[in-house]
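One structure below.
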Amino acid sequence: MYASATGTDEVVAIDETTFKITARMPGGVYPDGIAYAPDAHKLYVSDEHGGTDTVIDVRTNTVIATIRIGGSIGNTQYDAGTRHIFVNAQTKRELVEIDPATDTIVRRIAVPGAKENHGLLIDSASHRAFIACEGNDKLFVLDLRTGKILASFSVAKDPDVLALDPDRQELYVAGESGQVTAFKLGADTVDKTAESFLATHAHVVAVDPSIHQVYFPLQDVNGQPMLRIMSAAP
């Protein structure tokens, strides 16, 4: 298991059996999002303040490349369809595509109307990217094949992490404001279904698709950290 440690500007490898740290690697100026390209056995780590994606070989736990993207960097995601990595270039208002075979940028996709595009989720089955913008509280739906914007929505303030339940086709956008926005996805449609306040700093969301539960790690609930587990509506 790998985690970004922004306090020490490192990426940390953790043994899932013992929970002990097995390696520490430099992650740039402010390591944030992490994506794994399984065929290449590489991690791609967003260096949010350094303007790069750091590439780590998981077989040796060493940094093997630094990809210069420029400006402030948002989240990084892997697309199983193309076997490529996609990175939010916040300052440039672009979605950047990287080929793990060469660790080079192969395409820069403009995201018109985006402001601080940080959150990112790739739905490989539908060839769509969902891009959340912290600067103007927007969600953009982008066709990865054509590079065209399919739709845009207003979402909870300061959107950050996105999660998808693939079987139910439900998308969750968690905001640093503590609000969460939910969407229902169709083959050619995206519909906003709900938006409400969940908890303070509820800006991280994860889904267990096998049991359709949604997880929100909360920083402070009555002075204690808490993992809130919710079941999707039937």
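Points to keep in mind about this one:
- For segment 196-234, a residue qualifies if it is polar (S, T, N, Q), over 20 Å from the mean Cα position of the chain (by Cα) and more than 15 Å from E176 (Cα to Cα), and the qualifying residues are S210, N222, Q224, S231.
- Here the strands (runs of 3 or more DSSP E) wholly within segment 175-234 that include at least 3 residues being at pLDDT below 90 and either in the same structural domain as A156 (by TED's automatic domain parsing) or under 26 Å from R128 (Cα atoms) (or both) are 213-221.
- Only one of L121, L164, L142 that is in a strand (DSSP E or B), under 13 Å from the mean Cα position of the chain (by Cα), under 18 Å from V96 (Cα atoms) and not assigned by TED's automatic domain parsing to the domain that holds Q90: L121
Results for (1) out of contact with any Asp or Glu (no Cβ under 6 Å at 6 or more places or on another chain); (2) without any contact (Cβ under 8 Å) to a residue 40 or more places away in the chain; (3) of a type outside the set (F, W, Y), shown as yes or no for each residue.
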site: H118; (1), (2), (3): no, no, yes
site: L121; (1), (2), (3): yes, no, yes
site: K138; (1), (2), (3): yes, yes, yes
site: D143; (1), (2), (3): yes, yes, yes
site: K148; (1), (2), (3): yes, yes, yes
site: P159; (1), (2), (3): yes, no, yes
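- Options A37, A101; residue that is buried (at least 19 other Cβ atoms within 10 Å of the Cβ), out of contact with any helix residue (DSSP H, G or I) (no Cβ under 7 Å at 6 or more places or on another chain), hydrophobic (A, V, I, L, M, F, W, C) and in contact (Cβ under 8 Å) with a residue 12 or more places away in the chain: A37
- So K115, is it surrounded by fewer than 23 Cβ atoms within 10 Å (Cβ to Cβ), over 17 Å from the mean Cα position of the chain (by Cα) and not assigned by TED's automatic domain parsing to the domain that holds D53: no
- Some residue of segment 131-139 being closer than 25 Å to A40 by Cβ and either among the hydrophobic types (A, V, I, L, M, F, W, C) or not assigned by TED's automatic domain parsing to the domain that holds P159 (or both): yes
- Of all residues making up segment 44-61, the number that are touching a strand residue (DSSP E or B) at 6+ places or on another chain (Cβ under 7 Å) and under 18 Å from T8 (Cα atoms): 12
- The residue of segment 2-31 that is nearest to the chain's Cα centre (by Cα), among those that are surrounded by fewer than 18 Cβ atoms within 10 Å (Cβ to Cβ) and at positive phi, is D9.
- The listed residues are I56, I34, I64, and the only one of them that is modelled with pLDDT of 95 or more, assigned to a strand (DSSP E or B) and under 17 Å from the mean Cα position of the chain (by Cα) turns out to be I34.
- Scanning segment 31-41 finds no residues that are in contact with a Phe, Trp or Tyr (Cβ under 9 Å, 6 or more places away or on another chain), among the charged types (D, E, K, R) and under 19 Å from L120 (Cα atoms).
- Annotation: of all residues in segment 67-83 being in a strand (DSSP E or B) and without any contact (Cβ under 8 Å) to a residue 40 or more places away in the chain, the one that is farthest from K115 (Cα to Cα) is I67.
The values are calculated or read from the model by the stated rules, or taken from the named source; none is laboratory data. Values in this document were obtained by computation on a predicted structure and should not be read as measured data. Here the Cβ is made from the backbone with ideal geometry for all residues, glycine too, and neighbour counts use every protein chain on show.
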